[in-house]
Amino acid sequence: MWKSKYIFGPVPSRRLGRSLGIDLVPYKTCPFDCIYCQLGRTTTKTMERKEYFPLDEIIGEVDRKLKENCAFDYITLSGSGEPTLHSRIGELIEAIKKRTAKPLAVITNGSLLWDGDVRSALMPTDVVVPSLDAGTQEYFEAVNRPCPGLRLDRVVDGLETFSREFKGQMWLEVFLLGGMFDPRSRAREIAELTRRIRPTLVQLNTVARPPCESFAAPVPRDVMMELPSYFSGPTEVIAEFSAKWQNTPRPANREEILNLLSRRPCKSKDVAASLGIHHLEVLKVLEELVRERVLAVTEENSETFYEVITRNTEGEK
Ligand code: SF4
């Protein structure tokens, strides 16, 4: 089996079903360092746009993956950093659109949408999922910990302009935190801004996987269910992922499991659903990898997540 450097999955996604992901920037290269990030702290905090990974290599992997005819619902530009930092993302989007009729999504923190080049690059996509987690500069700095000088009003202006120009679906993700963060007040402040931005849909999210900072607490379910009423447009609480497809059981493959978990921590049943491997087979491999100290186990909301603590495959970050 060939080892991909930039393509991962298909992985289970709460919004996009079975998603074939493409990483466009090295691990944790991002203009933000969100306190809830499931990937850990940002190692390269930057707003510099450049060709982080060679475009021709990424397109070569796309061709190879599409030839495999694996089942997926979306191609998603996301991964372990901010995809719009890649200066040739527009060319990649055009290349993918020429190769497949499958819908294409971009998951972005929206930090660069004030840049006309970034907005133009994203125009041919079907779904863009930007984030907006704060309604004030002070809270923006506390929760997203952006690059110095990046102001919330600039980000909101970018989101508003993009929403006006974009013909596809724009699902605005609002990530809320519980505990000391007062999610009701934060949601009211953000709701005010979404009246200007007018996304297709607002999706409310909270911590469901181990966060970067332990004080980033989840919003309790009953409070979460109350929050859509604060927003004037279509708004939903993102439901937990559930697999809609049936996989043919096959043997567990350590490399595949490690490749998936190196992107983000997952529950064992999500690994099984994503890779089409029987849950018990996955558990056997996960337990073996925990014993070998390649994986660590963490608990979040009474759920067990597995994450990579040691990379043992060549070329992985
Ligand atoms: S959550 Fe997204 S935007 Fe925030 S630091 Fe992590 S990768 Fe960057």
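Quick note: the coordinates plus some simple rules give every number you see, no bench work behind them. Keep in mind the model is a prediction, meaning the values are calculated, not measured. Counting neighbours? That spans all protein chains shown, and the Cβs are built from the backbone with ideal geometry, glycine included.
Once backbone amide H atoms are built at 1.01 Å from N, GLU173 has SER131, LEU132, GLN203 as its partners under 5 Å, excluding neighbours fewer than 5 places away on the same chain.
Between ARG254 and ASP222, the distance separating the two model label sites (each 7 Å from Cα on the Cα→Cβ line) works out to 4.8 nm. Given +1 at the Cβ of Lys and Arg, -1 at the Cβ of Asp and Glu and no other charges, the dipole of the chain around its Cα centre is 540 debye to the nearest 20. Suppose R0 equals 45 Å; then what is the FRET efficiency for THR44 and GLU287 from their Cβ-Cβ distance, rounded to the nearest 0.05? Calculated value: 0.85.
Computed from backbone phi, the HN-Hα couplings of region 207-222 come to 5, 10, 10, x, x, 4, 10, 5, 7, 7, 8, x, 7, x, 4, 5 Hz, rounded to whole numbers (Karplus: 6.51 cos²θ - 1.76 cosθ + 1.60, θ = phi - 60°; Gly and Pro given as x). Relative to the compact-globule estimate of 2.2 N^0.38 Å, the Cα radius of gyration of the chain comes out at 0.96. Report summary: the helix-based calculation at 222 nm, which adds -39500 (n - 2.57) for every DSSP H run with n ≥ 4 and divides by the residues of the chain, gives -9500 deg cm²/dmol.
Here region 1-58 is treated with +1 on each Lys and Arg Cβ and -1 on each Asp and Glu Cβ, and its dipole about the Cα centre works out to around 280 debye. Remark on the chain: CYS30, CYS70, CYS147, CYS266 stand apart, with no other cysteine beta carbon under 4.7 Å. Annotation for ALA71 and SER120: the two label points, set 7 Å from Cα along the Cα-Cβ direction, are 4.1 nm apart. Model label sites at ASN301 and GLU165, defined 7 Å from Cα along the beta-carbon direction, differ in position by 3.5 nm. A compact globular protein would have a Cα radius of gyration near 2.2 N^0.38 Å; the ratio found for region 1-150 is 1.03.
Computed about the Cα centre, the dipole magnitude for region 32-132 is approximately 120 debye when only Lys and Arg (+1) and Asp and Glu (-1) carry charge, each at its Cβ. For region 106-162, GluC sites (Glu not before Pro) meeting the loop criterion (DSSP other than H, G, I, E, B) and having at most 11 other Cβ atoms within 10 Å: none. Think of the chain as a dipole: +1 on every Lys or Arg Cβ, -1 on every Asp or Glu Cβ, centred on the Cα centre; then among ALA208, ALA101, ILE238, ALA101 lies furthest on the positive end. Here the gap between ARG195 and ASP56, fully extended at 0.36 nm per residue and compared with their Cα-Cα distance, gives a gain of 46.0 nm.
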